[in-house]
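First up is the structure itself, then whatever we jot down about it.
The values are calculated or read from the model by the stated rules, or taken from the named source; none is laboratory data. What you are looking at is a predicted structure, and each value in this text was computed from that prediction instead of being measured. We place every Cβ from the backbone using ideal geometry, glycine too, and count neighbours over all the protein chains shown.
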Amino acid sequence: MAVTKILARKGRLDVGVRYVLNGDKTEEQILTASQGCSTEHAVSRMMKTKRHYRQTDGVQYYHIIQSFKPGEATPELALEIAKEFAAEHLSGYQAVIGVHVDKEHIHAHTIFNSVNADTGEKYHSNARSYYSQIRAISDRLCREHGLSIIMEGKGEKAVSYIEWLRQSKGQPTFRAMLEADLREAIEDANDIGHFFLIMEHKGYEIKHGNRLSFRLKGQERLMIPGRKNPLFTEDGIRAAIEGNLDEIAAGARPSIVYRPRYEPYRRRHPQKYTGFMALYVHYLYLLGKAGQRQYPPKMTPHLRREIMKFESYKEQFAFLRAHGVSTAEGLQAVHTRTEETLASLMKQRTILNVRKKKRRALYDALSDAEALAPAKDCYESGMPGMEEPFTRYMDAVSTLERCGIPREQLLAEKAELYRQLADVNREIRQARKEISMCDTIERNRPQMEHDIQVAEATAKEVERDEYRRR
């Protein structure tokens with residue numbers, strides 16, 4: 001049995017040829033062959049053909065892989081089948097063949113020039129040509145050499161990997177699958193960094209920002225589960241990992257618990273505020289009275305709109321009190337100090353991102369090896385549409401084997417780096433919020449002073465009218 005696939009490549013031809021003829025995989029190039037050129041000068045001859053026909057752009061070469069069932073075919077037989085396949089299907093195309101024996105299953109790689117040396121025409125591949133030519137010829141050659149074939153006589157429609165993944169998990173929609181995976185990851189995670197690692201290894205791309213969003217690799221749109229369920233915001237996920245997910249899901253406790261700092265009771269004299277805080281106390285009093293329609297009796301349109309923002313003004317006042325700000329100079333000092341903190345945090349994030357970038361290939365290989373493991377079994381069982389994820393899986397496994405670092409060490413390193421990034425990102429969002437708060441307070445002050453003057457003038461006018469009526 002041979003599972004076949006074809007890949008179009010626009011990259012460097014010499015890289016592909018070097019991979020196929022790798023002596024470590026082909027018994028020191030004993031298990032290699034060529035067609036229309038020699039293995040030593042394959043690249044130069046193929047490039048000469050391209051230049052001769054002025055076909056040097058676009059797809060540079062095609063890569064056909066025939067993977068044989070473990071224990072069914074010998075390396076020599078695999079090479080013979082690959083040579084017969086090239087002679088029949090790739091007439092006129094320069095090709096190099098290498099049988100790799102470094103894995104449990106023997107697989108033959110055939111790379112051929114995208115330009116026909118005899119006619120100058122470029123090779124074209126599509127689903128129809130794959131099943132009617134590549135797959136058909138490979139199956140016939142396997143039968144002739146006494147090997148089994150897969151899915152004989154079945155013309156099953158190919159399905160994308162992410163669609164197959166959704167169906168295999170029994171989820172009617174991608175959002176339902178995402179929420180199920182999120183709950184499972186929360187239950188298994190030790191901290192927020194470990195949570196992100198688990199979600200990546202389930203095949204999701206993660207976008208950090210004001211709202212945490214996810215999508216399966218290959219999916220077009222991002223999904224933001226926190227819009228409908230606060231449990232799936234970053235703060236909700238942190239709380240659930242540290243708390244009790246079952247109680248949160250049952251509604252026995254909120255997703256995010258905001259606990260004020262405990263302060264022992266002390267009898268206090270009424271606090272006298274000055275500057276900014278006095279302005280906010282007066283304005284909040286004014287909005288509260290206006291909201292109850294007690295004072296002043298007539299509101300300006302602007303004041304009516306400001307009542308809708310009552311909670312935001314309370315938040316601004318709490319910010320001023322927490323930082324002890326009563327003057328414009330104090331507010332500017334907080335603004336400057338927060339900007340310095342933000343710059344330091346941005347520098348920390350840059351350093352972490354550089355570390356992440358250096359390890360990007362290994363981290364991606366870790367997630368692909370975990371997320372695409374089911375694709376390997378599907379591909380080897382003959383399921384159509386699994387060629388691309390199987391290729392990614394094999395590339396990921398190969399990358400991890402070459403790096404020489406134990407997988408457990410990489411996993412721990414990746415989880416810790418993601419935790420640090422998540423913590424720094426949260427602190428950056430908080431610093432930006434504080435800077436925005438400073439700007440908002442400074443921007444609101446003139447209008448607040450004006451509204452207070454108008455309200456006080458209106459109140460005095462009302463008092464004068466009442467006094468005259470007496």
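Summary of computed values
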| quantity | calculated |
| --- | --- |
| Of all residues making up segment 309-343, the number that are under 37 Å from the mean Cα position of the chain (by Cα) and among the aromatic types (Phe, Trp, Tyr) | 2 |
| Where a residue in segment 374-402 is at negative phi and its partner, wherever it lies, is small (Gly, Ala, Ser) and not in a helix (DSSP H, G or I), with Cβ under 7 Å and at least six apart | Pro384/Ala158 |
| Test: Ile405 is modelled with pLDDT of 80 or more, closer than 24 Å to Gln420 by Cβ, among the β-branched types (Val, Ile, Thr) and not in a helix (DSSP H, G or I) | yes |
| Count of residues meeting criterion [under 16 Å from Ile224 (Cβ atoms), modelled with pLDDT under 90 and not charged (D, E, K, R)] in segment 169-195 | 5 |
| Residue in segment 144-163 that is part of a helix (DSSP H, G or I), modelled with pLDDT under 85 and surrounded by fewer than 16 Cβ atoms within 10 Å (Cβ to Cβ) present | yes |
| Test: residue in segment 54-63 that is of a type in the set (D, E, K, R) and on the phi > 0 side of the Ramachandran plot | yes |
| Odd one out for Ser38, checked against (1) farther than 19 Å from Ala117 by Cβ; (2) of a type outside the set (A, V, I, L, M, F, W, C); (3) surrounded by fewer than 20 Cβ atoms within 10 Å (Cβ to Cβ); (4) modelled with pLDDT of 90 or more | (1) |
| Output for segment 63-83, where each listed residue is in contact with a Leu (Cβ under 9 Å, 6 or more places away or on another chain) and either modelled with pLDDT of 95 or more or surrounded by fewer than 16 Cβ atoms within 10 Å (Cβ to Cβ) (or both) | Glu76 |
| Matching option when the condition is more than 19 Å from Ala373 (Cα to Cα) and either loosely packed, with under 14 Cβ neighbours inside 10 Å or modelled with pLDDT under 90 (or both), among Arg215, Arg227, Arg166 | Arg227 |
| Search result, residues across segment 1-23 that are farther than 17 Å from Asp102 by Cα and of a type in the set (S, T, N, Q) | Thr4 |
